[in-house]
1. Quick one: what pairs do we get from the range 220-245, first residue closer than 20 Å to Asp207 by Cβ, second modelled with pLDDT of 90 or more and of a type in the set (Ser, Thr, Tyr), C-beta under 9 Å, 6+ apart or different chains?
2. When you go through Arg111, Arg147 one by one, which is the residue that is surrounded by 13 or more Cβ atoms within 10 Å (Cβ to Cβ), basic (Lys, Arg), more than 16 Å from the chain's Cα centre (by Cα) and over 19 Å from Pro217 (Cβ atoms)?
3. Name the pairs whose Cβ atoms lie under 6 Å apart, with the first residue in the range 164-175 and aromatic (Phe, Trp, Tyr), the second not in a helix (DSSP H, G or I), and 6 or more positions between them or separate chains?
4. For Arg80, indicate whether it is more than 22 Å from Arg147 (Cα to Cα) and touching a strand residue (DSSP E or B) at 6+ places or on another chain (Cβ under 6 Å).
5. Here are Gln33, Gln25: which of them is within 17 Å of Val153 (Cα to Cα), modelled with pLDDT of 95 or more and among the polar types (S, T, N, Q)?
6. Count, please, the residues in the range 194-209 that happen to be assigned to a loop (DSSP other than H, G, I, E, B) and under 16 Å from Cys97 (Cα atoms).
7. Within the range 177-201, which residues are under 15 Å from Tyr241 (Cβ atoms) and of a type in the set (Val, Ile, Thr)?
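The values are calculated or read from the model by the stated rules, or taken from the named source; none is laboratory data. Keep in mind the model is a prediction, meaning the values are calculated, not measured. Cβ: placed from backbone, ideal geometry, glycine included. Neighbour counts: every protein chain shown.
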Amino acid sequence: MTAGSKKQEKPKVAFFDFASCEGCQLTVVDSLQTHLDLLDAVEIVNFREAATLNGWDFDIAFVEGSITRPHDEERLRRIREQAKVLVALGACADTGCVNALKNLLPPEEVRRYVYGEHADWYETYGARPLSAVVKVDAVIPGCPIDREEFVEVVKALLVGKRPPIPDYPVCVECKLKGNVCIFHVGGICMGPVARAGCGAICPTYGDGCEGCRGIIPHPNENAMKEVLDEAGLSVDDMMHYFRMFNAYREVGVGQWE
């Protein structure tokens, strides 16, 4: 550093959460333990899950969780206004995840089931991903996120690049690993239309993919139907898998508007 030059400030990073299990933030904490270089490259100013920090002067916001109450929108918009870059952290923030399953049922039925006679005490509406409320600049998919993918996304953002999120299906990763197709052993799998990037971890261990990383941008629905036909299955047989993490994609907020 030359005399009189000013030390470059580190990008300020904040983490926030809405309706979620906060497992994605725990994965972040886990990843930082083995990637201390990231801590040297940024200044974390808000991260309730890991430290007593509540700063609101930040450049990059990682937001976990889906929006499930009207007043959540005000806080999310405040985060959006402050952040130069807003990243949806995990499936709840990206797709609505399992929270959106309630959108399949009448709101009063869900509220009574959860809260019983005190249902009217609790504010709630149809669950939705962050992108249904504000502009999202980048996504880290998964339930929970992949720790190494988080690291790669942060590194890309720090140098002004678009995060390298796969846009091809899980089937590609299965073929590269030499996995036996789940359909060939009597199972059901979202692999032909689900977003890759997980290393096909579920099919590798004998479980069908349930699409926790969301659906690829332009899924080949006809090819998916052909795979189902060859296995003697219908689209209805697959919907249980589809809805687990992608109910919002199917019905939006349903009857909850």
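1. Cβ pairs passing all conditions: Leu228/Ser234; Phe245/Thr95.
2. Working: Arg147 fails: more than 16 Å from the chain's Cα centre (by Cα).
Checking each option against the conditions leaves just Arg111.
3. Listed by first residue and then by second, the contacts come to Tyr168/Ala196.
4. On the way: more than 22 Å from Arg147 (Cα to Cα): yes; touching a strand residue (DSSP E or B) at 6+ places or on another chain (Cβ under 6 Å): yes.
Taking the combined requirement at face value, the residue satisfies it.
5. Gln25
6. Step one: list which residues in the range 194-209 are assigned to a loop (DSSP other than H, G, I, E, B), which gives 196-200, 205-209.
Imposing the further condition that a residue be under 16 Å from Cys97 (Cα atoms) reduces the set to 209.
Result for the range 194-209: 1.
7. Result: Ile182, Ile188, Val193.
To keep it simple, each residue is scored yes or no on (1) assigned to a helix (DSSP H, G or I); (2) more than 14 Å from His184 (Cα to Cα).
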{"residue": "Gly211", "(1), (2)": "no, yes"}
{"residue": "Glu226", "(1), (2)": "yes, no"}
{"residue": "Asp229", "(1), (2)": "yes, no"}
{"residue": "Met238", "(1), (2)": "yes, yes"}
{"residue": "Tyr241", "(1), (2)": "yes, yes"}
